[in-house]
Each structure stands twice: as structure tokens, then as C-alpha cells.
Amino acid sequence: MAGMNERTTAASIQDEQIVTFHVAKELFGIGISRVKEIVRYPDITTVPRAPDYLTGLANLRGNVLPVVDARMRLGVHLSDVTDSTRVLVIDTGKTLTGVVVDGVKGVVSMENASIEAPPKLLASGVDVRYINNVIKTGNGEKIIMELEVENLCAINAGGKARGESGQAAAKAGEATTDLAAGVKEMQLVTFLVAEEEYGFPIESVREVLRVGRITEVPQAPSYVLGIFTVRDTLLPIVDIRKLFDAASLIDDITAVLDDAEQFHTRWTESLKQAVEAGSHFAGITDHALCGFGKWLETFRTSSEEIGRVIQAIRLVHQRLHAGAVSIMTAQKEKSQEEALKVFEGEVMPVSEQFLTTMADLKQAVTACMQEDQRVLVVETGRMPVGILVDRMQQVIRVPESIIDAPPTILGTEKSQNLMGVVKLDQGKRLIMLLDDAKILDTEIVKELKAMGTETVETDGPRTAAKEDEIQLVTFRLGKEEFGLGIEDVQEINRLDHITSVPRAPSFVEGVMNLRGNVIPAIDLRKRFDMEAGTRDESTRVMIINMGGKLTGLIVDAVSEVIRLTQRYIEPPPEVIQGDSKTEFIKGLGKIDNNNRMILLIDVSKILSMKEQKELSRVSEQGQAGEATAGREPQTDAAPRSRQPGRTKVQR
């Protein structure tokens with residue numbers, strides 16, 4: 001090529017064209033053979049404790065794509081993501097990596113271009129380590145900095161290649177096997193932290209607890225909330241958000257409310273100025289299009305107090321925006337004077353009420369937000385530790401084949417707590433699989449033990465108390481709390497599509513498809529003669545083994561996974577022992593100083609023998625319907641459904 005008489009690289013010689021793009025105000029380029037595609041800014045799943053220049057992970061047609069922020073990497077001014085923002089999918093020679101840039105300029109021919117080595121210092125402040133060459137085109141009028149792809153995308157660490165996904169899955173606890181399908185599976189407990197989904201292998205989770213009274217420990221690290229007592233045992237509580245260098249859940253929500261309060265204060269002032277000037281108000285008048293209105297519609301809570309205030313603020317928010325519509329109507333159809341009356345008489349009082357109710361909501365969030373949170377008890381460094389998470393999601397089985405090892409780019413000291421990435425729904429849903437042995441490093445574990453928490457039970461010779469211990473999955477129906485032995489629970493799923501079956505018993509909602517198995521779904525509220533409830537984000541389906549058949553139980557919410565010794569369990573009162581309608585209650589668990597009672601359920605007695613036969617008929621009808629639709633359902637007689645002990649969490 002003409003003009004290439006200066007310092008060159010292999011990539012520059014091979015490529016006759018270079019893709020150019022902006023990062024801040026600077027123009028950069030990468031050889032066209034390295035750029036596999038250019039995509040719009042995708043949904044990103046953030047990775048806890050990862051380097052700041054790693055934006056996170058994206059789904060690229062079912063493949064996990066690590067995404068690097070070129071602006072952060074190069075040390076230039078950060079800007080917001082806009083319609084021009086793009087992600088270049090780069091082939092580093094080892095793997096594909098996404099690179100965020102502010103905008104793609106085009107493709108430039110290298111003909112008649114001169115190439116020079118970069119100076120030791122660049123006036124733009126760009127880190128010269130990531131610059132391969134300085135390319136001059138058009139008689140030197142255009143200067144393009146060619147990026148050094150390997151340095152830009154590399155992170156100094158080991159880590160496994162994505163092809164080693166089978167090894168990652170094998171490490172993540174003992175996998176189970178669906179013998180009927182010949183597919184190895186893992187069972188995970190999944191949860192949310194800062195709107196991202198994470199999971200532990202179920203073997204790593206001893207219990208899932210509601211948040212109790214936490215006693216602060218003087219001079220403890222910021223991520224240690226303190227200690228609370230669980231059945232005479234001290235348990236240190238670690239806030240995983242703070243461990244991941246994120247704001248607390250309460251601080252996160254409070255920040256949203258502060259922003260909404262400031263926005264609507266400015267909004268009201270702008271409305272006032274428009275009324276006084278007799279001009280058109282350009283602000284948002286539809287409450288549903290307001291950012292806060294959208295947040296209100298997606299916010300979910302199990303706290304009655306927060307829910308009550310949320311409903312109040314939702315109504316006030318609607319009235320506030322409706323006031324702007326009334327003012328605009330008065331301006332158009334009546335007069336400016338009438339519009340001022342509407343502002344003073346309607347909008348201002350509602351605005352003041354909005355601020356007052358927002359203060360109530362902040363107070364409720366501070367006092368009650370922990371009702372939504374859960375504590376996962378995991379063992380790390382031979383020591384049980386409580387991990388505070390935002391919300392429980394599911395107990396779910398996944399095939400090993402959809403678990404990828406962490407991309408090589410994640411193999412850093414900060415992100416070694418990640419053992420794999422689970423890809424569900426064709427890669428649209430990503431679950432970060434955490435390694436319980438690495439989520440807390442050695443120094444943190446030493447600090448926790450130094451607090452005097454060594455009195456917490458650790459692995460050792462089993463005692464009589466442990467032998468008498470049972471493990472329960474607790475769930476709610478209305479205000480009542482029930483418990484099932486964990487060995488009876490195959491998995492816990494969110495409520496999905498249910499197909500009704502003609503002439504089914506009243507308590508049978510229909511049938512559902514569980515990875516090819518057609519199983520009946522029972523509405524436990526109806527079965528227990530309770531009034532119908534509202535189904536929402538908390539509604540779950542518990543998959544149990546009933547008489548050798550997989551069956552779904554629809555419940556309002558799953559609360560915890562807890563351990564109880566026999567001294568906390570009493571037989572049911574005589575008044576209900578002899579009643580056939582209540583014989584499914586096999587005991588009463590009394591915890592929290594007897595302030596909380598759990599009704600223990602005997603799975604075999606939820607339905608009578610006659611009702612179980614009816615249930616089998618419903619299942620057969622559902623299978624016939626699936627087969628007619630062209631699907632080949634697997635039989636419930638698969639060995640998986642006959643191994644209830646496989647889900648047991650034991651130490």
C-alpha cells in the first residue's frame with residue numbers, strides 16, 4: 001500500500017480498511033477484520049466487584065458477551081448512553097468482547113495513509129498503552145488513533161475459557177441427573193441484588209431466613225451489618241450489596257424517591273411559570289409517562305405498610321399530573337385568570353400532599369424494607385454466614401449444558417466469586433452463579449471469626465440435636481404460614497401459563513409444562529377452603545412429589561428455608577387431629593419466642609386417595625392434549641420424580 005513506510009503492525013498491514021469511531025471527542029480505529037459486528041447498546045447484566053471498565057455481560061444471540069467501556073479504559077471523559085452509543089463486537093484472537101464507544105464514524109481506506117508510532121504522551125490524555133499506531137489520512141488532515149485490541153480487552157488474570165462450561169457446572173455442587181432424558185441437572189437457589197439475578201447451588205444454602213433483629217458489632221467492617229440469633233446460634237450478617245461496593249437497598253430506593261421529589265418540585269415550578277406567563281406548559285402531563293410513574297408500576301413489595309403508602313402516593317401522583325391537564329384546558333377554553341385559580345386551588349394543595357406522602361414513603365421504606373429481603377445462610381471457610389439479598393426468586397433446576405464458565409475477561413481477583421453464568425430463555429435471562437467458597441475472601445472470614453462468632457455451629461460430629469433437626473420450606477397463604485419438608489419439594493418456580501382442563505376438581509387450576517413434563521397445578525387456597533387471593537410477583541408454584549407424581553402447588557409466596565429441632569415442634573391440637581379436613585396438618589412449628597407459628601403439612605394427606613386418582617386423570621388429560629398439539633411429554637414416572645431425597649440440603 002502506498003504511504004505505509006512508517007511503523008506498522010500485522011493488523012494494519014492485513015487490513016485495507018479500518019473502522020473508525022468516537023470515544024468522547026477523539027477519533028479511534030480498529031482493523032475491519034477484528035470487528036465482527038456493531039450493535040446498539042444492549043441490556044447489560046452487571047458483575048459484582050468487577051473492574052470499573054467492565055460494564056458487564058450482554059446476551060448476543062444466546063452467547064454471553066463481556067462488555068468493556070472504552071471511555072473508562074482509555075481514561076477519557078465519560079458520557080451518558082445515547083442513541084449514537086454502539087458496542088463493537090471485537091475478535092481478540094481468543095474470544096469475542098464488546099467495546100462501548102460513543103458513536104461509529106465509518107470505514108476508512110488505508111490507501112495513501114501514513115502510520116506512525118504513538119508519542120510517549122498524548123495531548124488528549126488518552127492512555128498510550130492502548131494505542132497501537134497513529135494513522136494520518138487525507139494529507140494528514142485526519143488523525144486516527146489505532147487501538148491495541150489485546151490490551152484494550154485484556155484483564156491480567158487467568159480464568160477458564162468459555163468452552164470449559166462443563167467443568168464449571170461440575171464444580172458448582174453435585175449435579176443431579178434426569179435419567180429419563182439423559183441430561184445432567186443442577187438445582188439452584190436464585191435471588192436478586194440490585195435488579196440483577198444471582199444463584200447458589202442448593203447444596204451451598206443451609207437456610208433462607210427472613211431478616212430478624214440484627215445486633216450491631218462495634219468497629220465491624222461496613223459490609224457486616226451485625227449478628228442475629230437463630231435458635232440459640234449466633235450468625236454474622238453480611239450485606240452483599242456493600243460487599244459488591246453498591247448502595248444498600250434502602251439507600252437505592254431513597255435515592256429514587258429523592259430524585260422524584262426534586263423532579264416534581266421543579267415540574268410544579270415550571271407549571272406555575274407557564275400559567276403566570278400564559279404560555280403552553282411543555283412538561284409531562286401523563287402520569288404513566290413520568291419516570292416516577294413507571295417506577296411505581298414496576299415496584300413490588302410484600303410489606304403491608306409500604307404497599308399502603310405506595311397506593312397513596314400513586315393516587316396523589318395521578319392527581320398532580322391531572323392538574324396540569326386541567327390548567328391547560330382552562331387556558332384554552334376560559335382564561336388565564338381561571339388557569340391561575342386551578343393552579344392555586346388544585347395543583348398546589350396536591351403538590352404539598354405529594355411531598356408529605358413522599359416523606360411517609362421514605363419513612364416506611366426505612367422501617368419496613370427488610371420485610372422483602374432475605375438472608376441466605378451459606379458456609380464459607382467452615383463457618384456459616386448470613387448473606388443479605390434483596391429478594392428471593394426461585395429454586396430451579398437447570399441442565400449443565402446451559403451453564404458457561406465465566407468469560408476469560410472476568411477472571412480477576414475481584415470477580416473470582418463467580419463460578420459460572422446460567423443462560424435461560426435462549427440467553428435472555430442470565431443468572432450469575434456464585435461460588436460460596438470465594439464470595440468472602442480469607443481476610444473477611446478471619447474478621448468475622450474475630451468478632452466472637454466462632455460459637456456458630458460448624459461441620460463436625462453430628463450431635464443428637466442435629467439428628468433431630470428437620471429442614472422446611474415455608475410459604476404463605478394469606479396471613480397464614482405453612483411448611484413442607486424440603487425433601488418433598490423438587491423446585492420452586494414463578495407462576496407461568498396454566499392450561500385449564502374440563503371437568504377437573506374445583507381445586508385443580510389446570511396443567512402446566514415443566515420442561516416437557518405435563519403436571520397438574522393445585523390452587524392451595526381453594527384446596528384449603530380459603531377465599532381467592534390476588535396473584536402477583538410473589539406468587540410461586542412449588543413442585544412436589546405426591547404419590548409418585550410431580551404436582552404443582554400454587555401459593556401466595558415462599559418465605560424461607562429453615563431448620564427446626566423437634567423441641568420447636570408440637571403435635572397438632574386434638575381438636576383437629578381427628579378431623580379428616582385438617583389431617584394434612586402434622587405439626588406446629590413455634591419460633592421467634594413463640595410469636596410465629598408454622599403449620600407443618602403432610603404432603604401425602606393434602607388430597608384423599610380418591611382425589612389423588614382424580615388428579616391422575618387430570619394429568620393424563622393434560623398429557624393427551626400436549627401430544628395432540630404435537631409435543632411428546634415425558635412421563636411423570638421418570639426416575640427424577642421418585643427421588644425426593646435429592647433436593648435435601650444437608651451438611
Residue check, residue 89 part of a strand (DSSP E or B), over 18 Å from residue 150 (Cβ atoms) and of a type outside the set (D, E, K, R): no
Qualifying residue in the stretch 275-290 (condition: outside the structural domain of residue 48 (by TED's automatic domain parsing), of a type in the set (Phe, Trp, Tyr) and touching a residue at least 40 places away in the same chain (Cβ under 8 Å)): yes
Checking residue 177 against (1) in a strand (DSSP E or B); (2) modelled with pLDDT of 75 or more, the condition it does not meet: (2)
Residues of the stretch 55-71 that turn out to be modelled with pLDDT of 85 or more and either out of contact with any Ser or Thr (no Cβ under 8 Å at 6 or more places or on another chain) or outside the structural domain of residue 16 (by TED's automatic domain parsing) (or both), as a count: 1
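Only one of these is under 19 Å from residue 366 (Cβ atoms) and either touching a residue at least 24 places away in the same chain (Cβ under 8 Å) or surrounded by fewer than 16 Cβ atoms within 10 Å (Cβ to Cβ) (or both): 216, 207, 196. Name it.
216
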Every residue from the stretch 27-50 that is buried (at least 19 other Cβ atoms within 10 Å of the Cβ), of a type outside the set (Gly, Ala, Ser) and in contact (Cβ under 8 Å) with a residue 60 or more places away in the chain: 28, 30, 34, 45, 47, 48
Given (1) among the aliphatic types (A, V, I, L, M); (2) farther than 29 Å from residue 207 by Cβ; (3) part of a strand (DSSP E or B), number of the condition residue 255 does not satisfy: (3)
Verdict on residue 254 being outside the structural domain of residue 194 (by TED's automatic domain parsing) and surrounded by 15 or more Cβ atoms within 10 Å (Cβ to Cβ): yes
Residue match in the stretch 278-286 (condition: in contact with a Cys (Cβ under 6 Å, 6 or more places away or on another chain), over 30 Å from residue 387 (Cα atoms) and of a type outside the set (Ser, Thr, Tyr)): yes
Helices (runs of 4 or more DSSP H) within the stretch 296-403 that include 2 or more residues closer than 30 Å to residue 286 by Cβ and within 32 Å of the chain's Cα centre (by Cα): 304-333, 348-368
Which numbered condition residue 328 fails, given (1) out of contact with any helix residue (DSSP H, G or I) (no Cβ under 6 Å at 6 or more places or on another chain); (2) at pLDDT 95 or above; (3) surrounded by 14 or more Cβ atoms within 10 Å (Cβ to Cβ): (2)
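Run down 216, 203 and say which single residue is under 19 Å from residue 444 (Cα atoms), charged (D, E, K, R) and at pLDDT below 90.
Details: 203 fails: under 19 Å from residue 444 (Cα atoms).
One residue alone meets the criteria, 216.
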Subset of the stretch 474-495 [surrounded by fewer than 17 Cβ atoms within 10 Å (Cβ to Cβ) and either touching a Gly at 6+ places or on another chain (Cβ under 9 Å) or among the polar types (S, T, N, Q) (or both)]: 478
Residue count for the stretch 512-531, restricted to those that are crowded, with 16+ Cβ neighbours inside 10 Å and under 21 Å from residue 425 (Cβ atoms): 7
Hits in the stretch 584-615 - residues which are touching a Pro at 6+ places or on another chain (Cβ under 8 Å) and either crowded, with 19+ Cβ neighbours inside 10 Å or within 18 Å of residue 572 (Cα to Cα) (or both): 585, 586, 587, 588, 615
Selection from the stretch 95-115 of residues that are within 29 Å of the chain's Cα centre (by Cα) and closer than 19 Å to residue 151 by Cβ: 95, 96, 97, 98, 99, 100, 101
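Quick check on the stretch 603-621. Is at least one of its residues assigned to a loop (DSSP other than H, G, I, E, B), assigned by TED's automatic domain parsing to the domain that holds residue 481, modelled with pLDDT under 80 and not basic (Lys, Arg)? Talk me through it step by step, then tell me what you get.
From the stretch 603-621, those assigned to a loop (DSSP other than H, G, I, E, B) are 606-608; that's our starting set.
Next, from what is left, pick out any that are assigned by TED's automatic domain parsing to the domain that holds residue 481: 606-608.
Within this subset, residues satisfying the condition of being modelled with pLDDT under 80 are 608.
Narrowing the set further to residues that are not basic (Lys, Arg) leaves 608.
Yes, because at least one residue in the stretch 603-621 is assigned to a loop (DSSP other than H, G, I, E, B), assigned by TED's automatic domain parsing to the domain that holds residue 481, modelled with pLDDT under 80 and not basic (Lys, Arg).
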Count of residues meeting criterion [modelled with pLDDT of 50 or more and surrounded by 15 or more Cβ atoms within 10 Å (Cβ to Cβ)] in the stretch 151-163: 4
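Quick one: which strands (runs of 3 or more DSSP E) sit completely within the stretch 21-67 and have at least 2 residues that are within 31 Å of the chain's Cα centre (by Cα)?
Working: elements: 26-31, 35-40, 54-60.
Where strands (runs of 3 or more DSSP E) fall fully within the stretch 21-67 and carry at least 2 residues being within 31 Å of the chain's Cα centre (by Cα), they are 35-40, 54-60.
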Residue within the stretch 450-457 that is under 21 Å from the mean Cα position of the chain (by Cα), buried (at least 17 other Cβ atoms within 10 Å of the Cβ), modelled with pLDDT under 85 and not assigned by TED's automatic domain parsing to the domain that holds residue 97 present: no
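Using the structure shown, decide if residue 400 is surrounded by 15 or more Cβ atoms within 10 Å (Cβ to Cβ), outside the structural domain of residue 286 (by TED's automatic domain parsing) and among the acidic types (Asp, Glu). First the steps, then the outcome.
Numbers: surrounded by 15 or more Cβ atoms within 10 Å (Cβ to Cβ): yes; outside the structural domain of residue 286 (by TED's automatic domain parsing): yes; among the acidic types (Asp, Glu): yes.
Considered against the rule, which asks whether it is surrounded by 15 or more Cβ atoms within 10 Å (Cβ to Cβ), outside the structural domain of residue 286 (by TED's automatic domain parsing) and among the acidic types (Asp, Glu), residue 400 comes out as yes.
The values are calculated or read from the model by the stated rules, or taken from the named source; none is laboratory data. All figures in this text were calculated on a predicted structure; none of them were measured in a lab. We place every Cβ from the backbone using ideal geometry, glycine too, and count neighbours over all the protein chains shown.
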